[in-house]
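Trainee: Submitted below is the structure of interest, expressed as structure tokens.
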Amino acid sequence: MTNSTALAMLRDIPGEDRPRERMLASGAGALSHSELLAIILRTGTRRESALHLAQRLLREAGDIRGIVDLSLDELMDIKGIGPAKAVQLKAGIELGQRLARARLPEAHVIRSPRDAAELLMEQLRYLQKEHFVCLFLNTKNHVIAQETLSIGSLNASIVHPREVFRAAIKCSSASVVCAHNHPSGDPTPSPEDIRMTERLCSAGEVIGIDVLDHIVIGDGVFVSLKEQGMM
């Protein structure tokens, strides 16, 4: 069978049934073991497509777990699999095994204003412009995301509630802790800080996402508007 014949075989498969096209359309979870292997193999041989080669590999290995136990030499003993394909397969297997062993980094938990301040202090205390940052929390007060939503002038940072809650909704946050720095080093909240916090709290009540606190970061010191009764 010639290379053109193999290509013709592949063209005979409807586009939506080809592994790469199916992954683009439906996601990796919709693909079979052989389809995923075909994507890793990339190409077949003169006599068979990548998908047919993947199906034969599975049969010869017994099942998907059998492939894990094959050495590079054993993979290369399988007709149609040379050094390049063997290395691609072993690299994919090794990545999967490393992912299985990997643990998620320990999530920061915000139990108090100090927890939030300590998390952000070294990031914000030396900045020469005001940065408005949000910590997005889940229902257990674990930080699931952090985002800088506004960078202001030397002494002014303006953020609109829609920017805060658009970001909160995007990451499915249950609550938010807002923070910004004062480049002067003095964390005393300004009247605008208080007004902005009131707007954020009001918007959060409507949307159903609590604004737990607004932390103002100074040079090694901070003020919690919640603790100060300003929200």
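Trainee: Can you tell me the accessible area per residue over the chain, all protein chains present, probe 1.4 angstrom, in square angstrom? Mind showing how you got there, number by number?
Mentor: On the way: 13620 Å² over 231 residues.
Computed with neighbouring chains in place, this is 59 Å² per residue.
Trainee: Computed from these coordinates, which is Cα extents along the principal axes in Å: (i) 76, 39, 30; (ii) 80, 34, 32; (iii) 51, 46, 37?
Mentor: It is the one labelled (ii).
Trainee: If you don't mind, another one. Report the residue, chosen from L137, L200, L58, that carries the largest GNM mean-square fluctuation when the chain is represented by alpha-carbon nodes joined by springs under 10 Å.
Mentor: L58
Trainee: Hey, another quick one. How high is the relative contact order of the chain, in percent, with contacts defined as C-alpha pairs under 8 Å that are six or more residues apart?
Mentor: Working: 338 pairs, mean separation 30.6, N = 231.
The value is 13 percent.
Trainee: Roughly to the nearest percent, how much of the accessible area of the chain is carbon and sulfur, given a 1.4 Å probe? Don't skip to the end; give the middle numbers.
Mentor: Details: 7240 of 13620 Å².
Carbon and sulfur together cover 53 percent of it.
Trainee: Say the dipole of the range 66-196 comes from +1 at the beta carbon of Lys and Arg and -1 at that of Asp and Glu; which of L135, A116, A167 then lies farthest toward its positive end?
Mentor: A167
Trainee: Hey, another quick one. Only helical DSSP H runs with n ≥ 4 go in: add -39500 (n - 2.57) per run for the chain, normalise by residue count and round the 222 nm mean residue ellipticity to 500 deg cm²/dmol.
Mentor: Working: 10 runs with 107 residues, N = 231.
After summing the helix terms and dividing by the residues of the chain, the value is -14000 deg cm²/dmol.
Trainee: Between Q97 and L36, with labels modelled 7 Å along Cα→Cβ, what's the label distance in nm to one decimal, could you check?
Mentor: Computed distance between label sites Q97 and L36 equals 1.6 nm.
Trainee: Related question: Could you give the size of the charge dipole of the chain about its Cα centre, using +1 on the Cβ of each K and R and -1 on the Cβ of each D and E, expressed in debye and rounded to the nearest 20?
Mentor: 940 debye
Trainee: Report the residue, chosen from G218, G80, G204, that carries the largest GNM mean-square fluctuation when the chain is represented by alpha-carbon nodes joined by springs under 10 Å.
Mentor: G80
Trainee: With a 10 Å cut-off between alpha carbons and a GNM built on the chain, which of A117, A100, A167 moves the most?
Mentor: Highest fluctuation among the options: A100.
The values are calculated or read from the model by the stated rules, or taken from the named source; none is laboratory data. Note that the structure is predicted; figures quoted are calculated from it, not measured. So basically every Cβ, Gly included, is an ideal-geometry build from the backbone, and we count neighbours across all protein chains shown. For the accessible areas, the whole protein counts, side chains as well, though only heavy atoms, and no ligand, DNA or RNA atoms are used. Shrake-Rupley method; radii C 1.70, N 1.55, O 1.52, S 1.80 Å.
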